[in-house]
Amino acid sequence: MRIGALNRLVSLQRKVVAQDQETEAQVETWVEAAKVWANVRYLNGTETIKAATPTSIAKASIKIRFRKDVDSTWRAVDGDVIFNILNVLPDAEGREHVFLACETGGSNG
């Protein structure tokens, strides 16, 4: 894989359960699992109504180097943009890359 094709530094984050320091309640929070070089391609966008509010949703494909640990419970963050990972599509034969089928907007992670 050519390094030039992976031109964005993206944070891969996973959700963990932690204990709140003040209330001692269990809370879910996002932690960075890895920073990876990626190629982010926006595929399409739509507008919809959620809870009586217009919302824009964009679908994207994020290509990263091959990894086994990423799954659809994770999210990817590119600058200020949060992508919910919908599907992980590995290159099982060549083991060179993984495509992350994502969407942004709506719930924003």
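The apolar share of the surface of the chain, taken as the fraction of accessible area on carbon and sulfur atoms (1.4 Å probe, ligands and nucleic acids excluded), comes to 47 percent. When the Cα positions of THR53, LEU43, VAL77 are compared along the charge dipole of segment 30-79, LEU43 comes out farthest toward the positive end, with charges on each C-beta of Lys, Arg, Asp and Glu. Over what distance in Å are the Cα centres of segment 1-42 and segment 66-109 separated? Their Cα centres are 10 Å away from one another.
Taking every protein chain into account, the 1.4 Å probe leaves PHE99 with about 70 Å² of accessible area, to the nearest ten. Checking (1) 120; (2) 92; (3) 103 against volume of the Cα convex hull per residue in Å³ calculated from these atoms, the matching label is (1).
Taking a straight line from the alpha carbon of LYS59, these aspartates and glutamates sit under 18 Å away, with near neighbours fewer than eight places off in the same chain left out: GLU47, ASP71, ASP78, ASP80, GLU103.
The values are calculated or read from the model by the stated rules, or taken from the named source; none is laboratory data. Everything numeric here is computed off the predicted structure, so don't read it as measured data. We place every Cβ from the backbone using ideal geometry, glycine too, and count neighbours over all the protein chains shown. Heads up: the accessible areas ignore ligands, DNA and RNA and are worked out on the full protein's heavy atoms, side chains in. Shrake-Rupley method; radii C 1.70, N 1.55, O 1.52, S 1.80 Å.
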